[in-house]
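Presented below is the structure to which this report refers.
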Amino acid sequence: MFVFLMVYRVVIKEDYLDGASSLGIALIFDPFDQNRKWNNRPLWQRAWLIVHLLLLMVLFVVGISHKM
């Protein structure tokens, strides 16, 4: 749900910092089994979480640069 909220805030409202915060909250609520260690997770889960984090950082940097 927070990923869809991020898309709405970035695409419709063009507020990158709000989108980054929504994506960060979505990352906190890891949809995968949190009891598994990082190395024991399937590759696609690790890739999804890394892409999620990279997108969060990009949105944060773009949001900060637009505020300046």
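The values are calculated or read from the model by the stated rules, or taken from the named source; none is laboratory data. From a predicted model like this one, the values you see are computed outputs, not experimental measurements. Don't worry about glycine lacking a Cβ; one is built from the backbone with ideal geometry, like all the others, and counts go over all protein chains shown. In case anyone asks, the SASA skips ligands and DNA or RNA and just uses the protein heavy atoms, side chains included. Shrake-Rupley method; radii C 1.70, N 1.55, O 1.52, S 1.80 Å.
Taking the 1.4 Å solvent-accessible surface of the range 1-48 as the whole, the part contributed by carbon and sulfur is 62%. Could you give the angle, 0 to 90 degrees to the nearest 10, between helix 43-67's Cα long axis and the longest principal axis of the Cα atoms of the chain? It works out to around 20 degrees. Across the chain, the mean sequence separation of Cα contacts (distance under 8 Å, 6 or more residues apart), normalised by length, yields a relative contact order of 36 percent. Computed per residue of the chain from DSSP H runs no shorter than four, each worth -39500 (n - 2.57), the mean residue ellipticity at 222 nm is -21000 deg cm²/dmol. Rolling a 1.4 Å probe over the protein heavy atoms gives the chain an accessible area of 76 Å² per residue. From the coordinates of this entry, semi-axes √(5λ) of the Cα gyration tensor in Å is computed, and it appears in (i) 26, 12, 8; (ii) 19, 14, 12; (iii) 23, 12, 8 under the label (i).
Selection among Val58, Leu5, Gln34 by position relative to the dipole of the chain gives Gln34 as farthest towards the positive end (Cβ unit charges, Cα centre).
With respect to the chain, whose longest principal axis is taken over its alpha-carbon atoms, helix 16-28 is tilted by about 20°. Loop-located trypsin sites (Lys or Arg not before Pro) across the chain with a Cβ neighbour count of 13 or fewer within 10 Å are Lys13, Arg36, Lys37, with loop assigned by DSSP. The charge dipole of the chain, taken about its Cα centre with unit charges on the Cβ of Lys, Arg, Asp and Glu (plus for the first two, minus for the last two), comes to roughly 220 debye.
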